[in-house]
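The structure appears right after this line, and notes come after that.
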Amino acid sequence: MKAKRWAAMCSAAVFLLSGCNGVKAPRDLIAAPSLEKEEQKEISDLLKQRIQSNAELLVPRYGWKDRSIYMEDMDGDGKKEGIVFFQAGQRGPVQMAVFKMKAGGWEEAASISLGSRSLNYFQLADLDRNGTKEAVVGMEKADYANEKQLLIYDLKSSKLEVTASVEYEGLDVADYDGDQVPDLLIVTGKRREEFKAGLYSIENGVLELRSATKMNAFAFHQKMEGGTLQDGRHAFFADSKLGIRSMLTEIVAYRAGRLELIGKENSPYFIPSRDINQDGVTEAGGAFDPNGKEKQEEENVPLIEYYDSFSVDGKSKRVMERYKDQAGRFFIIIPAKWYGKVAVQADSRSVQLRERESNQLLFEIKWAGKNESNENKNVLKETKNTVYYTDEKTKQKMPLENFRLMESEF
């Protein structure tokens, strides 16, 4: 998947670019992610003078993906450098540049062409505990192949020097073993042969494997990213497809002195891991048909999504179940006492959640066009063209605030 491209109007905020439709020349659009930081703006202005007119700033898919200009002390001299990635056109190679503050202002200190066309990962970390930060860069080799290259760079004497290079499938930089030193977790291998998650450190300039654990060799990895367990420990979440529909989430963490696969989550429908309730903990997702019917096309199935958090000992806890209506663009959060007990009755204009054993009505939502009559309706939400409501006489067992529009989730 292509790395996202960020650019901004010089007098406005940052815009996410997925293409060049309806925008000015990218050189004119490049600006610092935060205009409150003068140093970022100066680097942005200098970059506009240096790069080609069709170039765009990049952010990685994973790692530090919240900005496009990174202000960090990379070489340990007590002064921040500015690090950027950019690309001249969608087919051009990704380039990395480092800027340093000199007497006359910001100047380009080092740059390198990374060859590939997609930036998969970036983070800075002092991996060898020598007071300088290595640039951990992950590149996707080609659009049509799921091959990636890890490159670790040091900034020495105004030159970017490669200290390690490894082909990888998944990558994360974090303190996995709790020693306050960032580790490298690298997933390597080939599909149908073997996948391994390995925990690495840099010792005397050499990348050393400290511990490894096997992963599913037949997984088609869709999302691989670091996250947080319910006990605060760091872990690696690998969301994969196992065929057309079925999915698998593998959770890798460090415990008892070694890297282990501490949890698995299987589901017939693909729901990626995420922090569903925004409490800082990553949950593994899944979905099931609450009516227990045989699997159908996904758009025709009334799905209930579920999200489980894990601790480092492998124990899981159900955090949320919610009915998700893809056509209606809403979801209903199910209270914990009804987890696994809800059946769904749905048609083109309404949804009922019922207790499976007693058939008791728990929640009902209806929707209609805005131009239709609103008599005897308890309106819950409105969109541009649709009103979501309950009948005033209908007794609801679930709180009305458990009904949410999908747009409110993002």
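The values are calculated or read from the model by the stated rules, or taken from the named source; none is laboratory data. Model, not experiment: these values are computed from the prediction. Ideal geometry is used to build each Cβ from the backbone, glycine not excepted, and the neighbour counts take in all protein chains shown. We work out accessible area using only protein heavy atoms, side chains counted, and drop any ligands, DNA or RNA first. Shrake-Rupley method; radii C 1.70, N 1.55, O 1.52, S 1.80 Å.
For segment 272-290, give me each residue that is open to solvent by less than 30 Å² (accessible area, probe 1.4 Å), over 13 Å from the mean Cα position of the chain (by Cα) and charged (D, E, K, R).
Result: ASP289, single match.
Which of the following residues is surrounded by 13 or more Cβ atoms within 10 Å (Cβ to Cβ), within 25 Å of ASN120 (Cβ to Cβ) and either of a type in the set (A, V, I, L, M) or free of Cβ contacts under 8 Å to residues at least 24 places away in the same chain (or both): ILE304, ILE251?
Checking each option against the conditions leaves just ILE251.
So for segment 80-95 (the condition being closer than 21 Å to GLY205 by Cβ and open to solvent by 20 Å² or more (accessible area, probe 1.4 Å)), does at least one residue qualify?
Within segment 80-95, not a single residue is closer than 21 Å to GLY205 by Cβ and open to solvent by 20 Å² or more (accessible area, probe 1.4 Å).
Residue pairs, Cβ under 8 Å, 6 or more apart or interchain, first in segment 268-290 and more than 23 Å from PHE220 (Cα to Cα), second assigned to a strand (DSSP E or B) and open to solvent by 50 Å² or more (accessible area, probe 1.4 Å). List them.
Listed by first residue and then by second, the contacts come to nothing, as the list is empty.
Somewhere in segment 187-199, is a residue open to solvent by 10 Å² or more (accessible area, probe 1.4 Å) and in contact (Cβ under 8 Å) with a residue 60 or more places away in the chain?
No, because not a single residue in segment 187-199 is open to solvent by 10 Å² or more (accessible area, probe 1.4 Å) and in contact (Cβ under 8 Å) with a residue 60 or more places away in the chain.
Results for (1) touching an Asp or Glu at 6+ places or on another chain (Cβ under 9 Å); (2) under 25 Å from GLY82 (Cα atoms); (3) open to solvent by 30 Å² or more (accessible area, probe 1.4 Å), shown as yes or no for each residue.
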site: ASP128; (1), (2), (3): yes, yes, yes
site: LYS133; (1), (2), (3): yes, yes, yes
site: GLU140; (1), (2), (3): yes, yes, no
site: ASN146; (1), (2), (3): yes, no, yes
site: LEU150; (1), (2), (3): yes, yes, no
site: GLU161; (1), (2), (3): yes, yes, yes
site: GLU167; (1), (2), (3): yes, no, yes
site: ASP177; (1), (2), (3): yes, no, yes
site: ASP183; (1), (2), (3): yes, yes, no
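Of these, TYR62, TYR153, which one is in contact with a Phe, Trp or Tyr (Cβ under 9 Å, 6 or more places away or on another chain) and touching a residue at least 12 places away in the same chain (Cβ under 8 Å)?
TYR62
Mind listing whichever residues of segment 318-339 are within 18 Å of GLU401 (Cβ to Cβ), in a strand (DSSP E or B) and of a type outside the set (A, V, I, L, M, F, W, C)?
Result: GLU321, ARG322, TYR323, LYS324, ASP325.
The conditions are (1) part of a loop (DSSP other than H, G, I, E, B); (2) free of Cβ contacts under 8 Å to residues at least 12 places away in the same chain; (3) of a type in the set (A, V, I, L, M), and VAL379 fails exactly one of them. Which is it?
Here VAL379 meets the rest and fails (1).
Identify all residues within segment 212-248 that are of a type in the set (Ser, Thr, Tyr) and in contact (Cβ under 8 Å) with a residue 40 or more places away in the chain; write none if there are none.
Once the filter is applied, which keeps residues that are of a type in the set (Ser, Thr, Tyr) and in contact (Cβ under 8 Å) with a residue 40 or more places away in the chain, segment 212-248 yields THR213, THR228.
Considering each residue of segment 53-79, count those that are open to solvent by 30 Å² or more (accessible area, probe 1.4 Å) and touching a Pro at 6+ places or on another chain (Cβ under 9 Å), and give that number.
4
Search segment 82-94 for residues that are part of a strand (DSSP E or B) and pair each with any residue that is at pLDDT 85 or above and open to solvent by 10 Å² or more (accessible area, probe 1.4 Å) when their beta-carbon atoms are under 6 Å apart and the residues are at least 6 apart or on different chains.
GLY82/MET71; PHE86/GLN95; GLN87/GLU56; VAL94/LEU114
Out of segment 361-376, which residues are outside any strand (DSSP E or B) and touching a residue at least 12 places away in the same chain (Cβ under 8 Å)? Show your work before the answer.
The first filter runs over segment 361-376 and keeps only residues outside any strand (DSSP E or B), leaving 370-376.
LYS370, GLU372, ASN374, ASN376 - these are the residues of segment 361-376 that are outside any strand (DSSP E or B) and touching a residue at least 12 places away in the same chain (Cβ under 8 Å).
Looking at segment 201-248 only, could you name the residues that are β-branched (Val, Ile, Thr), surrounded by fewer than 17 Cβ atoms within 10 Å (Cβ to Cβ) and assigned to a strand (DSSP E or B)?
VAL206
For SER53, only one of the following conditions fails: (1) in a strand (DSSP E or B); (2) in contact with a helix residue (DSSP H, G or I) (Cβ under 7 Å, 6 or more places away or on another chain). What is its number?
Failed condition: (1).
Check whether at least one residue in segment 340-360 is open to solvent by 40 Å² or more (accessible area, probe 1.4 Å), part of a strand (DSSP E or B) and among the acidic types (Asp, Glu), and report yes or no.
yes
Give the residue, chosen from ASN204, ASN266, that is modelled with pLDDT under 95 and farther than 30 Å from PHE331 by Cα. Spell out the reasoning first.
On the way: ASN266 fails: farther than 30 Å from PHE331 by Cα.
None of the other options fit; the residue is ASN204.
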